[in-house]
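The numbers here are math on the coordinates, done by the rules we state, and not lab data. Just so we're clear, the structure is a prediction, and the values are computed from it rather than from any experiment.
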Amino acid sequence: MLFGCGFYALFLILIFSPLSKMDKIQTSLWFGLHYVLFFIADTITNIPYLALGPELSNDTKEREKLYIFFYFSQYIGVLAASMGPVIIQKLVYNCDCSQCDKYIFKEQRVECFKRCTATCDVNSMKTALQLLSVFIGFLFVLSIILLCNKIKENKYVPSNETENQIIPTLIRMFNNKPFIRLLIPWIIDVTITQIFATMLPFFIAYIINPLNYCDQNKIDIGNEACSTNLWLALTISAFFIFCIISMFMWHLIIKIIPRKKAWQGYSLIAAFTFALFMICREGSMSLLIIFSILNAMPAGGAYLNDVFVSDIIDYDEFLTGKRNEGIYVVFSSFTPKIVTIFAQSLPLTIMTCIKYKFFNKFFFYFYIFKRFLI
């Protein structure tokens, strides 16, 4: 963790800091190179970090509380990251589109304002992301140093030469039936989450389309309510604020019903709440926020996945007599990175071939199918 955290912060900052004189191809290569290097540093740092969690306690109830605090902190971080760029945009960047007033005809003014607003949004977002990446990078390094200083690591010496070899360990992992049964719906869950994260900006821009809605309803398109970035930030913020609230609700629920039933329940509820997005049409900004809140209610139970993985590690130790947090965390961290490649590229590829609205419906049907698979 100490070795990787500095590289993590460095490559995060470089992703959002391309040189000003680069052309499109050079900028793409810059982003691609540092994006790969960032996730290598992320893997080096966060696999041992995540493996540390199950070691902190052998008590299931205590681990539930641990992962609640873990997810609480994670949601706060995502919330800050989603709202941060918008707040920084307003504080440090001033968009001036007054040159559009020189046009006599309304259509020309509107078209000029759209171009100016789009350019301004890109430039202000670039500045905001650069400042935010510096802050997050510094905070990450500081938190890792603090963590390594305060938490004592349990040193473990393998009892034989083959215990830490990768192939025998993988074979033991795949012989763990609860892990394999959890793996398939979990992979699909990661896929859907990544597709949703990739598609949400397009969904707001082209389905909700606040800018066009304002134009059609004679609303000043300079109004903040017409900004796609604003509604994206509000949607994400509403989702994660209510995720935090619902997470504590699910913690109370599992005191009444078994955890497995609660886990299946949040997936079943999510199938219906997620399908509500299909109702959204152009200008449905209020519905977008309401449905985001409704989706946050089942999503708060997602921390149960990590609780189950920790229990599975205990079960593996019971079967084999060996503790293998590392290999489970490696597999559970490596798989999302592989899945992310397809989850982020596939929908954008399909969008170039077919109408977005058709893919939008296909995406929701696939999500519902996944939830019932669980």
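Structure summary
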{"quantity": "3J(HN,Hα) from dihedral phi, the range 246-257, Karplus parametrisation 6.51/-1.76/1.60, rounded to Hz, x for glycine, proline", "calculated": "5, 4, 5, 5, 5, 5, 6, 5, 6, 7, 9, 10"}
{"quantity": "Partners for LYS126 among aspartates and glutamates (Cα-Cα distance below 16 Å; same-chain residues under 8 apart left out)", "calculated": "ASP23"}
{"quantity": "Over 25 Å between alpha carbons, listed pairs LYS152/LYS177; LYS65/LYS261; LYS61/LYS177; LYS152/LYS322", "calculated": "LYS152/LYS177"}
